[in-house]
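Reviewing the structure listed below.
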Amino acid sequence: MKQVIFSQILAENGVTNFSGLFDENGLPVRVELEKNADGVVLTVLRRELSEDEQQEICMDYEHCQDCPLWEQCDAECDEI
């Protein structure tokens, strides 16, 4: 997996969004960095995947238990 190194100086209050990032399972996430009078908050949000994206991810794994989506999968898996 490719590592991304990014730095930014937050001089004013506001929100910065980062897209094109992925979690440890390779699923797409959106990262939001907010600075306000109370401090800085980093939020990572996983967006809802389309059916095609879910299918593509599932096809990358030979066993259902290895797939990061196996708990969400509504298709039946023959493996136990």
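With the charge dipole of the chain set up from +1 on Lys and Arg Cβ and -1 on Asp and Glu Cβ about the Cα centre, the Cα lying farthest toward the positive end among the listed residues 58, 31, 10 is that of 10. Given +1 at the Cβ of Lys and Arg, -1 at the Cβ of Asp and Glu and no other charges, the dipole of the chain around its Cα centre is 780 debye to the nearest 20. Once the convex hull of all Cα atoms in the chain is built, its volume per residue stands at 118 Å³.
Here the accessible area of the chain is 48 percent carbon and sulfur, with a 1.4 angstrom probe and all protein chains present. Accessible area per residue for the chain, computed on protein heavy atoms with a 1.4 Å probe, is 87 Å².
The values are calculated or read from the model by the stated rules, or taken from the named source; none is laboratory data. Keep in mind it's a predicted model, so treat the numbers as computed, not measured. Please note: Cβ atoms are built from the backbone with ideal geometry, for glycine as well, and neighbour counts cover all protein chains shown. For the accessible areas, the whole protein counts, side chains as well, though only heavy atoms, and no ligand, DNA or RNA atoms are used. Shrake-Rupley method; radii C 1.70, N 1.55, O 1.52, S 1.80 Å.
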